[in-house]
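Asks: Encoded as structure tokens, here's the structure I'll be asking about.
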Amino acid sequence: VANIIFLDQPAGTGFSYAKTAEDYKCSGTLSANLTYHFLIKWLINNPKYLNNPLYIAGGSYSGITVPLVVDQVYNGIEAGSQPQLNIKGYILGNPFTDMYGKLGEYNGRIGYAHRMGLLSDELYMSAKENCHGDYLNVDPDNDSCNEDLQRVTQCLEKIYTFHILEPQCGPLLLDMPPYARRFLQSAAAPLLVESWCRYTNMIYSKKWANTELVQKALHIRERTIIEWARCNETIKENIFIYDVSSTVDYHKKFTQKHCRALIFSGDHDMGAPHTVTEEWINSLKLEIGSKWRPWFVEDQIAGYTTAYFHSGYELMYATVK
């Protein structure tokens, strides 16, 4: 039987809250530190779980914070801190791991788009040559690169980034000013959605989470939050400090531990492309335990998987269709 702790972190996300405005200030490093100390405190208060195998998991941007937490756990063990956490590994889904690197998630979207047939060979090769493979730090005087990137934008701007086969319908919240976002997150939003899109489910989840009966069932303390939001844009845009942009070196460090890792990526996610994940996994220089093969759900291919190892370290990688 598995026991799962679902943690809203940093304060201000989900149903979590802080008692002072100062306590909402956070960063990737501080978020990991707070999560580690939460785990310690929780296990001290619930000692019957101390011997349970511990896996730390997260997705998307947590690809940055989870390795930081795992590293703190190992550092605590080596320092003899009490209680000793029985960590066995970590799990990451569609993780951001090297956000702004040349081989990272943002820069890697163009290569992924080409592999998925969204960019022609001619356009991809021209952009790669003219921009020297760097699509983030572009010289404004490099006319050839800028012209290629304008064509790339034209090809991709109407593609839904996080699932390229789904329609890009409903509000594009990340591209809107705050006042427009607030309006489209209001009760009027369902009137703007004519057919199914992912955003429709987000609207329903917001209504569900802000229902009084739901909050009582979840034991949410009364009057601690004004309104639940799927994504706290104030924290994201104005408060949180993105002080860590790459955790590849942490994964390299974990290869020296007795540790298990499960990394999985949706193969139609252009936000954190599986191609980028595979590149940084390959950079760890692990041995192949099992070669690339399909995995199945009810006799249907659900994705592909391969396994790696190094000494006591094991990494299972899987794509999800």
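The values are calculated or read from the model by the stated rules, or taken from the named source; none is laboratory data. Since this is a predicted model, take the numbers as computed values, not measurements. Note that we place each Cβ from the backbone using ideal geometry, even for glycine, and neighbour counts take in every protein chain shown.
Asks: Please give the strands (runs of 3 or more DSSP E) falling wholly within the stretch 255-321 in which 1 or more residues are touching a Cys at 6+ places or on another chain (Cβ under 6 Å) and within 30 Å of LEU85 (Cβ to Cβ). Give the derivation first.
Replies: Values: elements: 259-266, 287-297, 300-310, 313-320.
Because the criterion is at least 1 residues that are touching a Cys at 6+ places or on another chain (Cβ under 6 Å) and within 30 Å of LEU85 (Cβ to Cβ), the strands (runs of 3 or more DSSP E) in the stretch 255-321 that meet it are 313-320.
Asks: Restricting the search to the stretch 205-222, which residues are aliphatic (A, V, I, L, M), part of a helix (DSSP H, G or I) and exposed (fewer than 12 other Cβ atoms within 10 Å of the Cβ)?
Replies: Residues of the stretch 205-222 aliphatic (A, V, I, L, M): 209, 213-214, 217-218, 220.
Next cut, part of a helix (DSSP H, G or I) only: 209, 213-214, 217.
Answer for the stretch 205-222, where residues must be aliphatic (A, V, I, L, M), part of a helix (DSSP H, G or I) and exposed (fewer than 12 other Cβ atoms within 10 Å of the Cβ): LEU213, ALA217.
Asks: Let me ask you something else. Condition first: surrounded by fewer than 16 Cβ atoms within 10 Å (Cβ to Cβ) and within 20 Å of LEU103 (Cβ to Cβ). Now tell me which residues in the stretch 120-138 satisfy that. Outline the logic, then answer.
Replies: Step one: of the stretch 120-138, the residues surrounded by fewer than 16 Cβ atoms within 10 Å (Cβ to Cβ) are 120-122, 125, 129, 132-134, 136-138.
Scanning the stretch 120-138 gives MET125, GLU129, HIS132, GLY133, ASP134, LEU136, ASN137, VAL138.
Asks: Also, I was wondering about something else. Residues that are over 30 Å from PHE254 (Cα atoms) and of a type outside the set (A, V, I, L, M, F, W, C): does the stretch 103-115 have at least one? Steps first, please.
Replies: As a first pass, look at the stretch 103-115 and keep what is over 30 Å from PHE254 (Cα atoms): 113-115.
Among the residues that remain, those that are also of a type outside the set (A, V, I, L, M, F, W, C) are: 114-115.
There is at least one residue in the stretch 103-115 that is over 30 Å from PHE254 (Cα atoms) and of a type outside the set (A, V, I, L, M, F, W, C).
Asks: A follow-up question, please. Every residue in the stretch 88-130 that is of a type outside the set (Ser, Thr, Tyr), under 26 Å from VAL244 (Cβ atoms) and in contact with a Cys (Cβ under 8 Å, 6 or more places away or on another chain), please. Quick ask: steps written out before the conclusion?
Replies: First pass over the stretch 88-130, keeping only residues of a type outside the set (Ser, Thr, Tyr): 88-89, 91-96, 98-99, 101-105, 107-111, 113-119, 121-123, 125, 127-130.
Narrowing further to those that are under 26 Å from VAL244 (Cβ atoms): 88-89, 91-96, 98-99, 101-105, 107-111.
Across the stretch 88-130, the qualifying residues are LYS88, GLY89.
Asks: Scanning for something outside the structural domain of CYS231 (by TED's automatic domain parsing), more than 20 Å from the chain's Cα centre (by Cα), more than 25 Å from ASP249 (Cβ to Cβ) and of a type outside the set (Gly, Ala, Ser), does the stretch 29-39 turn up at least one residue?
Replies: The initial filter retains those residues of the stretch 29-39 that are outside the structural domain of CYS231 (by TED's automatic domain parsing), namely 29-39.
Within this subset, residues satisfying the condition of being more than 20 Å from the chain's Cα centre (by Cα) are 37-39.
Going one step further and asking which of them are more than 25 Å from ASP249 (Cβ to Cβ), we end up with none.
There is no residue in the stretch 29-39 that is outside the structural domain of CYS231 (by TED's automatic domain parsing), more than 20 Å from the chain's Cα centre (by Cα), more than 25 Å from ASP249 (Cβ to Cβ) and of a type outside the set (Gly, Ala, Ser).
Asks: Can you find even one residue in the stretch 259-274 that is exposed (fewer than 12 other Cβ atoms within 10 Å of the Cβ) and β-branched (Val, Ile, Thr)? Can you show your working first?
Replies: Filtering the stretch 259-274 for residues exposed (fewer than 12 other Cβ atoms within 10 Å of the Cβ) gives none.
There is no residue in the stretch 259-274 that is exposed (fewer than 12 other Cβ atoms within 10 Å of the Cβ) and β-branched (Val, Ile, Thr).
Asks: Go through the stretch 42-94 and report how many residues are exposed (fewer than 13 other Cβ atoms within 10 Å of the Cβ) and β-branched (Val, Ile, Thr).
Replies: 1
Asks: Let me ask something else about it. Out of (1) over 30 Å from GLY133 (Cβ atoms); (2) aromatic (Phe, Trp, Tyr); (3) not in a loop (DSSP other than H, G, I, E, B), what's the single condition that is false for PHE15?
Replies: Of the numbered conditions (1) over 30 Å from GLY133 (Cβ atoms); (2) aromatic (Phe, Trp, Tyr); (3) not in a loop (DSSP other than H, G, I, E, B), the odd one out for PHE15 is (3).
Asks: Oh, and also: Within the stretch 55-72, is even one residue part of a loop (DSSP other than H, G, I, E, B) and over 16 Å from the mean Cα position of the chain (by Cα)?
Replies: Of the residues in the stretch 55-72, the ones part of a loop (DSSP other than H, G, I, E, B) are 60-61.
Next, from what is left, pick out any that are over 16 Å from the mean Cα position of the chain (by Cα): none.
Within the stretch 55-72 (the criterion being part of a loop (DSSP other than H, G, I, E, B) and over 16 Å from the mean Cα position of the chain (by Cα)), the answer is no, since none of the residues qualifies.
Asks: On to the next question. Answer yes or no as to whether SER283 is surrounded by fewer than 21 Cβ atoms within 10 Å (Cβ to Cβ), of a type in the set (Ser, Thr, Tyr) and farther than 24 Å from HIS114 by Cα.
Replies: Working: surrounded by fewer than 21 Cβ atoms within 10 Å (Cβ to Cβ): yes; of a type in the set (Ser, Thr, Tyr): yes; farther than 24 Å from HIS114 by Cα: no.
In short, no.
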